[in-house]
1. Please determine, by comparing only the residues of the range 295-335 that are modelled with pLDDT under 85 and not in a helix (DSSP H, G or I), which one is farthest from residue 212 (Cα to Cα).
2. Whether any residue in the range 69-90 is within 19 Å of the chain's Cα centre (by Cα), assigned to a loop (DSSP other than H, G, I, E, B) and away from ligand 2 (no atom under 16 Å from the Cβ) is what I want to check.
3. Looking at (1) open to solvent by less than 40 Å² (accessible area, probe 1.4 Å); (2) outside any strand (DSSP E or B); (3) more than 25 Å from residue 81 (Cβ to Cβ), find the lone condition where residue 120 falls short.
4. Quick check on the range 247-261. Is at least one of its residues open to solvent by 30 Å² or more (accessible area, probe 1.4 Å), more than 20 Å from the chain's Cα centre (by Cα) and modelled with pLDDT under 90?
5. Please name all residue pairs, on different chains or six or more residues apart, with Cβ atoms under 8 Å, provided the first residue is in the range 192-209 and is closer than 17 Å to residue 266 by Cβ and within 16 Å of ligand 2 (Cβ to nearest atom) and the second residue is among the hydrophobic types (A, V, I, L, M, F, W, C) and part of a helix (DSSP H, G or I).
6. Give the residues of the range 1-24 that are in contact (Cβ under 8 Å) with a residue 60 or more places away in the chain and closer than 17 Å to residue 175 by Cα, sorted by residue number.
7. I'm trying to understand the selection: among the residues of the range 188-215, which are assigned to a strand (DSSP E or B) and open to solvent by 30 Å² or more (accessible area, probe 1.4 Å)?
Amino acid sequence: MRATLPALLRCPRCLAEASFAMVEAVADEREVRDALLSCSRCGLTREVREGIVDLLYEPPEVIVREAVGLERFAETMRNDGWDGERIRELPDVELGYWQGQASGMRRLLATTRLEEGQWLLDVGSNTCWASNVFACRGLNVIALDIATVHLQGLSTAEEFMGRGGVYFERVLSSMCDPPLADETMDWVFCCQVLHHNDGEHLRRTLREMHRVLRAGGSLLVMNEPLRFPLRPKLGHGREVADYDGNEHVYFMHEYVRAARAAGFEVEIVGLAAARHGLDDATQAPPRGRLAPLKASLRRRRRGRSLVSAYRTARFWWAHAIRGDANLALVCRKPM
Ligand SMILES: C[S@@+](CC[C@H](N)C(=O)[O-])C[C@H]1O[C@@H](n2cnc3c(N)ncnc32)[C@H](O)[C@@H]1O
Ligand SMILES: [Zn+2]
């Protein structure tokens, strides 16, 4: 933690903003490594250990169980050969899951106007790979997670920061109760994490994301798994049940409705491109066996509306009916 962070924090007990004073601090050239934070309003004391600020205050049992499960999962990863070197390559690792993360991030970076010096909260940061990507682009990043274990929690940040150059903050806390002052963030990033909430906590988390964002700031949702009427995923989470993950799965409309109810303007990523992308000069040329037919349709106005209708239908099929697409949203807090 750097000495600038407490000004952005909110006490998890009394909700006072910027109320933490630092005592007994031990620092190195990079940051404060060990310290006590004391709330000037309610007297709550919390620790900073190895640079990680512990603001996980009275966590519910479900969160404690998931954090302990991640320690077991980290052990499995170690046995599978995961180490710091492999972590530092993330997300460019030859595994299906990571290819999805890498392509999602490429799309996000190509379509989002991130600016140096802006503040971004990486919710459920896990290995902190995304915090590293954003920090490398000059953003001020806060990685937030319920776990600290190496390979599956906040201490993994050392793999990225240990070599110098990049820096980001690490805060131990729950997404439904982020210990940040109102309107402090320009961006909130959620990748494969919102589904670690039951319905009530999902709605609360989205309200909290809205609270911590500045007006005009956005919540960027990426790669959230979806449930579909023709693929209800009744066994979702079964394969990771041994690790006690707080797994849930929702329909797209449930996310969209909850985000709107929290006060966001919601854009479903990919839908506008499916509808209007044909007029876009950057549109890739058609491929495959039907490429000549597609190219000729695109040249005619009626042909373009036909292709646009086909693509839109295909988008809804993949995202809301039977497909297996993941969810990406841009949720903007209005000015
Ligand atoms: C599937 S991992 C996704 C991680 C990461 N965003 C990524 O893209 O690699 C889910 C992460 O969410 C974290 N998590 C679960 N419940 C949480 C909560 N209530 N608040 C904050 N983080 C949570 C877990 O500890 C885990 O690190
Ligand atoms: Zn307090």
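The values are calculated or read from the model by the stated rules, or taken from the named source; none is laboratory data. Owing to the predicted nature of the structure, the values given are computational and were not obtained by experimental measurement. Using ideal geometry, Cβ is built from the backbone for each residue, glycine included, and neighbour counts are taken over all protein chains shown. We work out accessible area using only protein heavy atoms, side chains counted, and drop any ligands, DNA or RNA first. Shrake-Rupley method; radii C 1.70, N 1.55, O 1.52, S 1.80 Å.
1. 323
2. The answer is yes; a qualifying residue exists.
3. Unmet for residue 120, out of (1) open to solvent by less than 40 Å² (accessible area, probe 1.4 Å); (2) outside any strand (DSSP E or B); (3) more than 25 Å from residue 81 (Cβ to Cβ): (2).
4. no
5. none
6. 8, 9, 10, 11, 12 - these are the residues of the range 1-24 that are in contact (Cβ under 8 Å) with a residue 60 or more places away in the chain and closer than 17 Å to residue 175 by Cα.
7. 214, 215
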